[in-house]
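All of the numbers you see were taken from the coordinates with simple rules; none came from a lab. Worth saying up front: this structure is predicted, and the values here are computed from it rather than measured.
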Amino acid sequence: MGIYTTTKKRIIRMLDALPPESLHEVQLFLDFLRFKNQEQPAEHTREPAAALGGLLQGYRFTEDEIAQARREMWGRMDERVR
């Protein structure tokens, strides 16, 4: 008997020993493993990343503008956490 068969039988025995209410958690974990092991698309089929270098070239931000933007950003972050 190969290690694959032995492992599979052991997993089945462990499943049989679980209480029925735990089987849903096992199913969710198996779904996660199946998703994780899906074949990823080839590198050349992915959309190219947008080039952002120099996007803000020529803009000058004051310290006050940067501080205000940070306050707005972190203020919204606090609202999302609650």
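Checking the a/c ratio against 1.5 first, then a/b against b/c, what shape does the Cα gyration tensor give for region 3-44? Taking the square roots of the gyration eigenvalues as a ≥ b ≥ c, region 3-44 is oblate. Pairs of alpha carbons in the chain separated by more than 21 Å make up 69% of all such pairs.
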